[in-house]
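Everything below concerns the one structure shown next.
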Amino acid sequence: MTEVIATDAKSEPAPSLKSGLLTGIDSIMPVATVGLMIFFAVNHSSFLTKDNLLLIALQSAPLMVVAVGAALLLMSGYIDLSIGSVMAVSGVCAGLTFNSAGVTAGVMVGLGVGLAVGLLNGVLIGYFKLSPIIVTLGILAAGRGLAQVLSPDALYGFPSAVLEFGNARVLGVPTLVWIAVFVVALGALVMTLLPAGRHVVAVGVNSRAAYLSGIPVRRLVLSLYALVGTLSALGGLMVVARLDSAPSGTLGAGFEISVLTAVLLGGIPYSGGKGHLWRVVVGVWLMGILTNGITLMNVSSQLSQVLTGAVLVLAAALEGVRFWIHRSSR
Amino acid sequence: MTEVIATDAKSEPAPSLKSGLLTGIDSIMPVATVGLMIFFAVNHSSFLTKDNLLLIALQSAPLMVVAVGAALLLMSGYIDLSIGSVMAVSGVCAGLTFNSAGVTAGVMVGLGVGLAVGLLNGVLIGYFKLSPIIVTLGILAAGRGLAQVLSPDALYGFPSAVLEFGNARVLGVPTLVWIAVFVVALGALVMTLLPAGRHVVAVGVNSRAAYLSGIPVRRLVLSLYALVGTLSALGGLMVVARLDSAPSGTLGAGFEISVLTAVLLGGIPYSGGKGHLWRVVVGVWLMGILTNGITLMNVSSQLSQVLTGAVLVLAAALEGVRFWIHRSSR
Amino acid sequence: MTIHGLSKSYGNNVVLRGVDLQIRAGRIHALLGPNGAGKSTLLGCLSGAVRPDAGTITVNGLTHTGFTPQSALKAGTAIIYQHLELVSDLSAVENIFLGSEQRTPFGTVRKAAQRRIASELLDRVGADFDPSRPLTSLTMGQKQVVEIAKALHHRPEVLILDEPTAALSSRETDILLGLITRLAHESGLAIVYVTHLLREVTAVADEVSVLRDGSVEWTRPTADLGIETLIEGITGAPVARAATATSENRPVQHDRPPLLELADFRASGAPGVSVRIGAGEIVGVFGLLGSGRTNLVEALAGARPSEGGFRLAGSDLRLSSPGIARRSGIALVPSDRKSQSLFSSLSAQENVLMPHYRRLSRGWRRPRVEQHVFDSVAGRMSLHPMSAGLAGDRFSGGNAQKLVMGRWLMDGSGVTLLLLDEPTQGVDVGARAELHRMIREFARESERAVIFVSSDVEELNALADRVVVLAESRIVGIVPGDTAERELMVLAQPAPSSGPSEVRSEGNTAA
Amino acid sequence: GGSDDAAAASGCETTYEIGFSHPISEAAFVKGLKSQVTAQAKEIGCVEVLFDDTQASDLESQRNTVETWVTQGVDAVVVFPVDAKALTPLRTQAQSAGIKWLQYATPGEGVDGYTGFDNVASGDIVGQAAVDWITEHQLSGKVTAAITSITAVPDVRGRWEQPQKLISDAGVEVISLQDCSDQTCGLEQAEALLNANPDLRIYIGANDDAALGALKAFQSKGIDPSEVFIAGQDGNIEALKAVKAGGAYKVSAAIDMIDLSHAIVQNSINAITGSGETETEAAVIPASLDDPSELDELIAQQGG
Ligand SMILES: Nc1ncnc2c1ncn2[C@@H]1O[C@H](COP(=O)(O)OP(=O)(O)OP(=O)(O)O)[C@@H](O)[C@H]1O
Ligand SMILES: Nc1ncnc2c1ncn2[C@@H]1O[C@H](COP(=O)(O)OP(=O)(O)OP(=O)(O)O)[C@@H](O)[C@H]1O
Ligand SMILES: [Mg+2]
Ligand SMILES: [Mg+2]
């Protein structure tokens, strides 16, 4: 799907064994995911039902939407830790608007707030060159506080259209899943078909060289932060629509960690410049089935943490193996 | 104090105005900290008492100890997110040993476990080249689970020596504060006087060049992770001694975020290679007085989050200003 | 040192096929060969940066099958890499001693002693800057000198230099050549010297080996060799005229309106520069190390702040960023390829096309068009290996340079003013002639001009219509392109501090 | 203790300073509780309450805050300890400095007072209500149940242990007992469980938030609300309104918040002055449609 880096194997036919090994390793993560699915399927009869798989897709939808934005940002070498709070602020703002000005207005306001926070991040980081981690950590704290100031009381019971939207299905598939698919497709489109996709990667690999060759680096960074802000807001709205409630204290709390994990699981290194969007999709899906499987199998909460940790370390190990094989092919 | 990078101002006498401006900007963070202290002192009579200041030092001691290790690691371009769980695992192991085999054995076991986890991280990351973020995130999850498996029930009521140690004072200053001072001094020593200090920076700036100069990069990375593991264990033990309890579920939870924040506040960029240890000390202290002042002034929890966020963004902005002025002086 | 049967391949790309070589103490052994022949790879095997697949290296009677950087130093080999491998945020002293610090009995660093020794080493290689300055404040050339001092500090028996003069001006080159001659003939070091500048070979080398396609073609004493034999050995073909072409039938464009006019143009704090450049002109910029050449071309490309008059093709411009400069048709090939222009992990095709994706697209990208454009540039530059998908950092130095040059020399790049900082560094003789031809062709197209910085007088003579000579960031002379080296050097000497600046500015406006 | 400036200004002899530390500030219920405590303090007069900002049961943060109060010399602290054992040394230190140490939500040894509600009773209320509902509809063995826990706060384990025991004894299998205390998690857990166990009809939240999330799952699945029994604990306003709406959300073990917040302040004052009752267990009230007027009153308490 979304090849960000043309691999050697593609342009010059390598000896079949090694190229076979390489593609093999590249697909270890998907294979591991399938393996995990088989494990759960064997251990719980209802895992591999259409309903359950659709459910995983539905539950992963907000994560997927935000992860696409975060992946693009990370490919360009930047990071956004404010995601969870952006979801809360925009969810709360939308919630406040739903009841007074209607659903469409609420959605607009929610997305607008996300865009605004994204622009703020982008200006501070892209134009004023402030540290991405500190700035977005700051916005994370401030945003959560702001959300609670805006809505000290619980915010719930929106117009029925909200909940209906959260539960709606098209062709048997939940609308929210369609939205996620749409966003992934959009991301893939940008990365493969649009010039901007190359620019994102260039900035991630060598931002000075990108700047010197005339790519508007600051504007690109600004746009990416704006994108992540907007997608976070969208993710927040998706959660709100499903809950029919916008709990300012907990909405999206810790979401940035899940996003980061999914994106890193997807093999995008922190230093940027690499990665395939479809592997991020696998990363999100892996996290989704893990939570689902653990819930179904009623694993105790301690053990489920050990399990999650083990999966992460394993993912890192696979990543490592891939790295070694690629390297020795140098 | 601990100058990691010789600044231009030092080596080639620049025009006095600019060098004045530079030192001025370099000390904005300390000045801001003092400013914040004055603000709190004016607004709350008990802020600037000896007891309260000692209390802040005491409460910051575990953070300080771990932050020194994390700062060195970050300077070399690596990161450890497993800190909180390492504190928990080693605290729990120590706690299990205290009652059966005595205090000294417990401390040894605790530090040993921290060292072991650190070595594990170091081997996976330094030798097998696995992704630092994924590996340590994995260890974070797995470690917390492990701690809870080891001690599903609350672990408390240790030999009295433990609590006494946690509360002891030497020359009127808590022993734990002395430990923190000692660790900071040790870190400063390494960074300024020992070859290892240069190697850490070299690896952070250009690890390939460091490798080609004959620096044993993998061993250095391993040692740094071992150091962070051991210092995390020490931090965990300090907390345990103060609590007289080793709660496996919450001991050290989220500590890695505080550590990262303090270190980044201290101006060590994520990409490594730069930074002054004394500024990390200021970072830790700033976080300490902020929490303390907010508690004293009874700021509402929402507002306090907004405040904390604002301080972070401000810190990033100061860092940005510093960067610009340094740059334009080139 | 004896090398026997050394082999190395990357994937299916066989780089070294059983290299045999003998290097004797007290001799300078030049290693020549076209770009991508495997020279750097061979040297990497000797320094521990690359692990050979097969073969042995014997130093002082001890036989090794491979090195780590540490064991190579221990065995007595020291290397200066083609791409400098220094730690930019440390000082020169710290870099020189990195990994082998002088220690007190307590294990602490002996800073004063290190500084003293570093100063001595730098003196020895003819440098006079403060060794405690951080590396970021040094120019390319000064960094090169630091790298040499670092290698010497290890008191090696075999000193390996991979194109050490590619980024040096002729004065530093002379100092360096003098230095290695002394080291070989007086101190008895064995020296392996890789270069693409053939007059250096005839000047200092005792023996020459030519490496082609991963194996040694021949090894001969320099005394029997002429330049033609060398070129033939390297290119594998009889000397083509183009390879030695100089500035004949060069039209000087007095009649045409100037394409570029600089009026008191000041590059980030430097004194003002005024000059006019006509369409179709190729202007060389000459100066000593640190004379402000890089500063000037970077400012012209919008990469550094600048003030003053800048008029291109009749319109006044304010260059606030490379992006804006680019849209006005200005492009730069910086001299520091690794950190400023190459996208190391991106493919060759992406490296060449990066600034052009938008232009080549119709909203969405057109892979076939992209492929076609790349193939045609790569073909014209004879890129080796001719592989669109290979990552930028896997190309040899000269071929990587072709990638970043090809970025702007391609057809329809939309560039009218091309700025080149050391455009052919690390490019072999054959390919250099080819690049020169392409630069000339580029400039001949309507309404274009090229400004290039070069430390190589031969190159200036071969390419430039006029040469602007810089000293301390001021224009101290504008001379014809075929001006002899001696004359250029005299002009480029920094003036005594009381020098009357009016005299210089007179020459500035000559067009 | 006591800031006398403020005392003079407000016409009090002395104003007492009380620190109230609840480590889950982000929960909707706690926000309501805090404002109610402030209101009660105003009503009682001559007392100032300081609040802790600790979130997500962060032990370190809680300890630091309370320690700061102790050093500052407040008159009393009321603490909902993340881990009571871990705060014992601090309690001793406070008490030896003459500061009264009261606990909230969980009783403890050696404390100067206790204000709370009975977590076991709370668990009993929802558990018993579930059992009654099972019996009434004769569903023993025909349906399954899920319960959530908050293992990070082991002191409130009555909330899940009681219902687990009661429901199992009533012959209904508890197919899931996992951590969950917010709406998103309740929703996702319930959805997954419902898919796997179409006979899941009983969902007991360790707090109201988890149960509210689960409610959405049952609703969107389109299951007849009369066939479902959802219960939560705490009695936050959103849950009370869900109960009042008469759907699947059958009951919330609601804590009488006025009672509770009044006692938090009054018990502290009593402990400081050494006179009067210092131990109160606020009523845990089964808020359900069985008693609509009670339900309305509880909603009114929270300004609904
Ligand atoms: N890491 C690598 N992975 C794959 N191929 C490589 C790698 N490094 C070098 N090569 C290939 O090895 C060949 C020889 O490269 P090398 O750098 O040794 O050439 P060179 O003779 O030094 O050329 P130049 O004169 O341009 O510096 C080239 O074809 C290059 O593409
Ligand atoms: N980053 C920097 N910080 C401080 N001084 C600098 C910096 N870069 C260049 N200089 C100084 O500016 C002057 C001009 O440097 P510039 O790089 O333009 O010279 P150059 O002629 O291109 O030299 P080279 O041949 O080494 O590339 C030199 O004195 C140099 O020391
Ligand atoms: Mg080379
Ligand atoms: Mg230069």
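The values are calculated or read from the model by the stated rules, or taken from the named source; none is laboratory data. Just so we're clear, the structure is a prediction, and the values are computed from it rather than from any experiment. As a convention, Cβ positions derive from the backbone with ideal geometry for all residues, glycine included, and neighbour counts pool all protein chains shown. Quick note on the areas: whole protein, heavy atoms, side chains included, nothing else; ligands and nucleic acids left out. Shrake-Rupley method; radii C 1.70, N 1.55, O 1.52, S 1.80 Å.
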Determine the relative contact order of chain C: mean sequence separation of Cα pairs under 8 Å and six or more apart, normalised by residue count, in whole percent. 16 percent
What percent antiparallel are the DSSP beta bridges of segment C:298-427, to the nearest 5? 50 percent
Among D:173, D:17, D:60, whose mean-square fluctuation peaks in a Gaussian network model of chain D (Cα, cutoff 10 Å)? D:60
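According to the Kirkwood expression over distinct Cα-Cα pairs, how big is the hydrodynamic radius of segment D:173-277, in Å?
After inverting the mean inverse Cα-Cα distance, the result is 14.9 Å.
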Please calculate the 1.4 Å probe accessible area of residue C:182, with all protein chains present, and give it to the nearest 10 Å². 100 Å²
Measure of exposure for residue B:178: accessible area at 1.4 Å probe, Å² rounded to 10, is 100 Å²
Give the ranking of C:345, B:60 by solvent-accessible surface, highest area first, calculated with a 1.4 Å probe. C:345, B:60
Log entry: pair-distance distribution for segment A:97-203, C-alpha pairs binned every 10 Å from zero, whole % per bin is 11, 25, 35, 24, 4
Between segment B:280-299 and segment A:109-170, the alpha-carbon center distance in angstrom: 26 Å
Defining a contact as two alpha carbons under 8 Å apart and six or more residues distant in sequence, what relative contact order in percent does chain D show? 16 percent
For chain B, modelled as a Gaussian network with Cα springs under 10 Å, which listed residue fluctuates most, B:103, B:65, B:86? B:103
Segment C:378-409 versus segment C:285-337: alpha-carbon centroid distance in Å: 24 Å
Cα-based equivalent ellipsoid of the protein assembly as shown: semi-axis lengths in Å, sorted from largest, via gyration tensor: 65, 35, 31
Please compute, for peptide C:13-20, the average count of beta-carbon atoms on other protein chains lying within 10 Å of each residue's beta-carbon. 1
Quick tally, 1.4 Å probe accessible area for B:127, D:16, C:81, sorted with the most first, runs B:127, D:16, C:81
Once the Cα atoms of segment C:1-156 are picked out, what are the Rg and Dmax in Å? 17.3, 51
Which residues qualify? For residue D:79, with a placed amide H closer than 5 Å and at least 5 residues away or on another chain, they are D:21, D:102, D:103, D:104
Cα-only radius of gyration and Dmax that characterise segment C:73-205, units Å: 14.6, 50
Can you give the direction-averaged projected area of the convex hull of the alpha-carbon atoms in chain C, in nm²? 25.3 nm²
What list of whole percents do you get for P(r) of segment A:181-241, with Cα-Cα distances grouped in 10 Å bins up to the one holding the largest distance? 20, 45, 25, 8, 1
Tell me the distances, shortest first, between residue A:208 and the same position across the other copies, using label points 7 Å along Cα→Cβ, in nm to one decimal. 1.4
Accessible-area ranking of D:91, C:359, C:103, largest first, probe 1.4 Å: C:103, C:359, D:91
What percentages, rounded to whole numbers, describe P(r) for chain D computed over all alpha carbon pairs with 10 Å bin width beginning at zero? 6, 28, 31, 20, 11, 3, 0
Answer check: segment B:28-183, Cα atoms, Kirkwood Rh, Rg/Rh ratio of 1.04
Dividing the Cα convex hull volume of segment D:1-119 by residue count, how many Å³ per residue is that? 104 Å³
Quick one: angle between helix C:429-444 and the longest Cα principal axis of chain C, in degrees between 0 and 90, rounded to 10, please. 10 degrees
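May I ask you to work out the translational diffusion coefficient for segment A:176-277 at 10 °C, viscosity 1.306 mPa s, via Stokes-Einstein with Rh from the Kirkwood sum over Cα pairs, reported in whole µm²/s?
103 µm²/s
State whether chain B is rounded, prolate or oblate according to the following rule on the C-alpha gyration tensor (a ≥ b ≥ c being the square roots of its eigenvalues): a/c under 1.5 gives rounded; otherwise a/b larger than b/c gives prolate, and the remaining case gives oblate.
oblate
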Does segment C:382-427 come out rounded, prolate or oblate by the C-alpha gyration tensor, with a ≥ b ≥ c the root eigenvalues, rounded set by a/c under 1.5 and, if not, prolate when a/b is larger than b/c and oblate if not? oblate
Just to confirm the numbers: residue B:310, label point 7 angstrom along the Cα-Cβ line, distances to the other copies in nm, shortest first? 4.8
Taking every DSSP beta bridge with both residues inside segment C:334-493, roughly what % is antiparallel (nearest 5)? 60 percent
Between B:155, B:74, B:251, which gets the highest mean-square fluctuation from a Gaussian network model of chain B, Cα cutoff 10 Å? B:155
Tell me the label-point distance for the pair residue C:482, residue A:171, using the 7 Å Cα-to-Cβ offset, in nm and rounded to one decimal. 7.4 nm
Could you let me know the centre-to-centre spacing of segment B:72-98 and segment C:72-123, using Cα atoms, in angstrom? 35 Å
Starting from the Cα of residue C:8, draw a straight line to each of the aspartates and glutamates and keep only those under 19 Å, dropping any in the same chain fewer than 8 residues away. A:8, A:12, C:20, C:53, C:162, C:213, C:217, C:393
Nearest-5 percent of antiparallel DSSP beta bridges in the protein assembly as shown? 40 percent
Can you give the Rg/Rh ratio of segment B:38-110, where Rg is from the C-alpha atoms and Rh is the Kirkwood radius? 1.16
Quick one: compute the contact order of chain B, relative version, from alpha carbon pairs under 8 angstrom and 6+ residues apart, as a percent. 34 percent
With a Förster radius of 22 Å, plug the Cβ-Cβ distance of residue C:447 and residue C:359 into 1/(1 + (r/R0)^6) and report the FRET value to the nearest 0.05. 0.75
Cross-link pairs C:150/C:402; C:39/C:150; A:129/C:150; D:42/D:244; D:34/D:241 - those with Cα-Cα distance over 27 Å: C:150/C:402; A:129/C:150; D:42/D:244
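Going through the DSSP H helices of chain B, which span 20 Å or more along their own axis at the Cα atoms while scoring at least -1.0 as a mean Kyte-Doolittle hydropathy?
Length and hydropathy pass: B:28-43, B:50-75, B:83-101, B:103-122, B:132-150, B:175-193, B:217-243, B:277-296, B:301-328.
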With a 1.4 Å probe and every protein chain left in place, tell me how much accessible area residue B:164 has, in Å² to the nearest 10. 120 Å²
Work from the charge dipole of the protein assembly as shown (Cβ charges, +1 for Lys and Arg, -1 for Asp and Glu, about the Cα centre) and give the residue of B:141, D:19, B:317 farthest towards its positive end. B:317
Reduced Cα scattering model of segment C:264-402, Debye log10 I(q)/I(0), q = 0.09, 0.11, 0.14 Å⁻¹: -0.35, -0.53, -0.82
